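Asker: Mind having a look at this structure? Questions to follow.
The values are calculated or read from the model by the stated rules, or taken from the named source; none is laboratory data. Every value quoted in this text rests on a predicted model; they were computed, and no experiment measured them. FYI the Cβ positions are ideal-geometry reconstructions off the backbone, even for glycines, and counts take in every protein chain you see. The area values use the complete protein model at the heavy-atom level, side chains included, leaving out ligands, DNA and RNA. Shrake-Rupley method; radii C 1.70, N 1.55, O 1.52, S 1.80 Å.
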Amino acid sequence: MERGLTGQYEESIAGGVRCQAFIPDPLPPRPALALDGKLQGRINQAMLAPASTSRPAH
């Protein structure tokens, strides 16, 4: 998935040191996300699914 630019860098000086700060684009994204019924159903299932037990315990 190619996203392109999601914000911009602005130069600044902090404590006498020149630096760059990343300023993200405002939300919501443009164009807006297209959440059709099928995709929304999958999102809901993922949110309600139990946590995976396939990871080894530490």
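Asker: Can you tell me the dipole magnitude for the chain around its Cα centre, using point charges on the Cβ only (Lys, Arg +1; Asp, Glu -1), in Debye to the nearest 20?
Answerer: Numbers: 6 positive and 5 negative charges, 60 e Å.
The dipole magnitude comes to about 280 debye.
Asker: Could I ask something else about it? Can you compute the FRET efficiency between I43 and A14 using 1/(1 + (r/R0)^6), with r the Cβ-Cβ distance and R0 = 30 Å? Round to the nearest 0.05.
Answerer: Numbers: r = 39 Å, r/R0 = 1.30.
Calculated transfer efficiency: 0.15.
Asker: Taking all protein chains together and a probe of 1.4 Å, list E10, E2 from the most accessible to the least accessible.
Answerer: On the way: E10 90, E2 180 Å².
These residues rank, largest area first, as E2, E10.
Asker: Shifting gears a bit: Show that you can apply the helix-only estimate: for the chain, add -39,500 (n - 2.57) for every DSSP H stretch of four or more residues, divide by all residues, and state [θ] at 222 nm to the nearest 500. Numbers along the way, then the final one.
Answerer: Details: 1 runs with 12 residues, N = 58.
Mean residue ellipticity, 222 nm, calculated: -6500 deg cm²/dmol.
Asker: Continuing with this model, one more query. As I understand it, the dipole of the chain uses +1 on the Cβ of Lys and Arg and -1 on the Cβ of Asp and Glu, about the Cα centre. Which of G7, P50, P29 lies farthest toward its positive end?
Answerer: Checked the options; the winner is P50.
Asker: What does the net charge come to around A21 if you take all other residues with beta carbon closer than 10 Å to its beta carbon, with K and R at +1 and D and E at -1?
Answerer: Details: positive: none; negative: E10, E11.
Here the count lands on -2.
Asker: Let me ask something else about it. For the chain, what relative contact order do you get, as a whole percent, if you take Cα pairs closer than 8 Å and at least 6 residues apart?
Answerer: Numbers: 27 pairs, mean separation 12.3, N = 58.
So the answer I get is 21 percent.
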